[in-house]
1. Of everything in the stretch B:264-275, what is in contact with a helix residue (DSSP H, G or I) (Cβ under 7 Å, 6 or more places away or on another chain), in contact (Cβ under 8 Å) with a residue 60 or more places away in the chain and outside any loop (DSSP other than H, G, I, E, B)? Give them in sequence order.
2. Might you check whether a residue that is over 25 Å from the mean Cα position of the chain (by Cα) and either over 28 Å from B:I550 (Cα atoms) or exposed (fewer than 13 other Cβ atoms within 10 Å of the Cβ) (or both) occurs anywhere in the stretch B:114-137?
3. Which helices (runs of 4 or more DSSP H) sit wholly inside the stretch B:281-364 and have at least 1 residues that are free of Cβ contacts under 8 Å to residues at least 60 places away in the same chain and within 30 Å of B:Y257 (Cβ to Cβ)?
4. Among (1) crowded, with 24+ Cβ neighbours inside 10 Å; (2) more than 22 Å from the chain's Cα centre (by Cα); (3) away from every other protein chain (no Cβ under 14 Å), which single condition is B:R308 missing?
5. Just wondering, is there one or more residues in the stretch B:440-450 that are β-branched (V, I, T) and assigned to a loop (DSSP other than H, G, I, E, B)?
6. Does B:L352 satisfy the criteria of being at the interface with chain A (Cβ under 10 Å from one of its Cβ atoms), more than 22 Å from B:G572 (Cβ to Cβ) and surrounded by fewer than 17 Cβ atoms within 10 Å (Cβ to Cβ)?
7. Which condition from (1) more than 30 Å from A:D107 (Cα to Cα); (2) surrounded by 11 or more Cβ atoms within 10 Å (Cβ to Cβ); (3) out of contact with any His (no Cβ under 6 Å at 6 or more places or on another chain) is the one that A:T86 breaks?
8. Using beta carbons and a limit of 6 Å, which pairs, at least six apart or on different chains, have the first residue in the stretch A:138-165 and aliphatic (A, V, I, L, M) and the second one part of a loop (DSSP other than H, G, I, E, B)?
Amino acid sequence: MYGIGLLRGLAVTLKHFVGTYLDDLRWFGKRYYNPKALAVRQSAKARGVFTVQYPEERLPIPEEFRFIPFLLYEEGEGGAKIDRCTSCGICAKVCPPQCIWIQRSNDPVTGRPVPEPVEFYIDVDICMNCGLCAEYCPFDAIKMDHDFELATFDRFSEHIFNKEKLSKPVSYYASIRPRNYEREEAASAAKEAAKAARSSESGAAKAAEAQA
Amino acid sequence: MTETAAPAVVDTLEERFPGVVRRDVRAGFSGYVVDAGHLRELALHLRDDLGYSYLTSLTGVDYLPDSKMEVVYHACSMTGGAPLVFKTQVPRDSAVVPSLVSVFPGADFQEREAWDLLGIRFAGHPNLRRILMWEGFEGHPLRKDYREPFFEEEAKPYKNRWPEGHVYRIEDKTPFFKNVQYPPDFTPEGWAPAGDAGLYAGLGELPASPEEMGQTLRTDQMVVNLGPQHPSTHGVFRMVITLEGETIVDLQPVMGYLHRNHEKIGERNTFLMNMPYTDRLDYICSMHNNFGYAVAVEKLMGIRPPERAEYIRVMMAELTRIVSHLWSIGFLLNDLGAYFTPALYAINERELILDVFEATAGSRMMCNYFRFGGVARDLPPGALERVKELVLERLPRSIDEMDRYLTGNDIVRARCVGVGVLPPDKAVAFSAAGPVLRASGVPYDLRRADPYSIYDRLDFDVVTRPNGDVYDRYLVRVEELRQSLRILQQVVRDIPEGEIQTGKAQYQVRVPAGEAYGRVENPKGELGFYLVSNGKPNPWRYHIRAPSFINLTAMAEMCRGHKVADVVAILGSIDIVLGETDR
């Protein structure tokens, strides 16, 4: 009979409609602004209305989420900022839309390059958030950020980020990407240890040679 | 290094056309080179005698150093196997090649694209006009000596970024009005656009008089423009329709409103840089675009990803297929007038899958996840469990619910059954791909016909339907959702531990000289990447066989004789994404 399929379909809509109220009842006033409820609402077990009340409610950002790169610096004594960047230029070379400009510093006396950038610019209008710079940086000096609320009123003066605006402490990085941070620290520690072992070995060998 | 055809074909072709058809002997190249004069003859022979009835891809390559233009054809047999490649070379300055539209109607838009972007004339093409650029555009942008207005250097990386990087905004260097090259005798004030006269002229003859049509009532044919701004076109897409009353007499798709010459950008980029750009093609299924490009470059490099990476790739690809098919079903219903309720039910499930992409790849839509010889990073903790939850519990239920909700619906059936019929022979002739082809009863799915990755080991069915109408295309998508779940259930069960990258991840890959055509079964159809490398860090040619674009070739065929309101449903059933159509 004509219309049966229609009614059967509408039963599905009705089920969804009733489901939203049932879910509201289940949480009884705690459905919104409640991290526990939010986690369920965004999981495979979600029922009812799916909406997140942004910006009052916020979804947890997964660690791998990437948005606009930033530069890492180690916090030295007395608030000194020690850049991890050595201005090797790999990020500028790998960047697909070519939005990174790096000015390498030269030693004023010898004129030879110093592993430290004078300036580092990213045109965030051009950046496509691909994350290749962070992926291929050999010094873990440039990483992708989690801060996506970057709207400004003037794109002409504010959308070219310079080194000062891009720099963030390593502790910030450790807070947004703890797993990556730990893995990279472990890797660099292992590398250091291997280097130390090699140098002490060669030192011992030299001493043995001298004795002989 | 594209696969060569079976030796039997090799012998017959060279024997049958002695001195005219030769093997392509350039290092890294394969297939045949045919004299332009005998191209049609060869194509007919391939189609009628050897069963290569499906022209997959047609494109041109500008060999500027040799002063030659080459047109490359990939033809396939519907029984499966690797495509047969044949090429023809003509002088660059007077590039004229016989048109193959009469042999393979699916060559229509592709020849127009090659004319538009490369300036290769196709003699005998019924309607050789620009297709992606606008009428009145000067030059052919994919020619190697063409320089775009924001031209900086021939190839990336640009030298002024490091170590002297003095930042500038490109708009400041070439402000508006100073970045445009005009022809010598051109005055912008006096210029009037050529208009759409050519477009309308291509819409078939208007009948001379009503008596001729055997009608007593005097009627006029009317031309209606649907789009570019129209909610049913899923983007900026325009159709020019000639109507007799409410019945469609002819239709012409007009596209290119979202054109950014992706291929030119791709040829300036290094190989790796193209990976995030492919995300922007069909932005609903970026993982699949990554997949196609990775397969093509890996063919050139001669590497294979490790086992775990293959499983992760297939997992992501099939999740993407679910995303794309859900999206397309939801929006088909939108087009039919069920405003956003079914679409939002579909998007609800899609969100859950995008969460997996975000946790794994770092972005919900612009995934940029595949690398040559692997994937960017391993699955984070919890991702596999989430996928298991989805494919074993939630998605089967919600797909069944979708089925119950829509399939039997009387209005959906009334609007879809028997509308936009594409018979199987026409579907093949027009190079339709994906669900459009399979809904016409042609069991052609690259995952089976020319298996890549680990699809030859997975158990799933190629879904076909016999009628070739809008309803069957919908049903094919619903059934493919179930088949994708079947694949995913095997993948999450069998996924091994291990490496995710062959060799060391490099930002400057060495790609040997040669050509490769890598293709994958995208949710929309066959997504192919034709690459030519000359051993440098940048591809010499980077062409995309875009299923959304080529499926539109059959649009007019599907619409003729239907009512104007059906156009929206038919377009919705083809499922185009303008990012890929316009490139």
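The values are calculated or read from the model by the stated rules, or taken from the named source; none is laboratory data. None of these values were measured; they are calculated from a predicted model. Glycine also receives a Cβ, built like all others from the backbone with ideal geometry; neighbour counts cover every protein chain displayed.
1. Hits for the stretch B:264-275 are B:G266, B:N274, B:M275.
2. Here is the first cut: in the stretch B:114-137, the ones over 25 Å from the mean Cα position of the chain (by Cα) are B:136.
Now restrict to residues that are either over 28 Å from B:I550 (Cα atoms) or exposed (fewer than 13 other Cβ atoms within 10 Å of the Cβ) (or both): B:136.
Within the stretch B:114-137 (the criterion being over 25 Å from the mean Cα position of the chain (by Cα) and either over 28 Å from B:I550 (Cα atoms) or exposed (fewer than 13 other Cβ atoms within 10 Å of the Cβ) (or both)), the answer is yes, since at least one residue qualifies.
3. Numbers: elements: B:286-301, B:307-336, B:341-361.
Result: B:307-336, B:341-361.
4. (1) is the only condition that B:R308 fails.
5. Of the residues in the stretch B:440-450, the ones β-branched (V, I, T) are B:442.
Okay, now just the ones that are also assigned to a loop (DSSP other than H, G, I, E, B), so B:442.
Yes; the residues of the stretch B:440-450 include at least one that is β-branched (V, I, T) and assigned to a loop (DSSP other than H, G, I, E, B).
6. Details: at the interface with chain A (Cβ under 10 Å from one of its Cβ atoms): yes; more than 22 Å from B:G572 (Cβ to Cβ): yes; surrounded by fewer than 17 Cβ atoms within 10 Å (Cβ to Cβ): no.
When the stated conditions are applied, B:L352 does not pass them.
7. Here A:T86 clears every test but (1).
8. A:A141/A:R84; A:A141/A:C85; A:M144/A:R66; A:M144/A:G131; A:I160/B:V167
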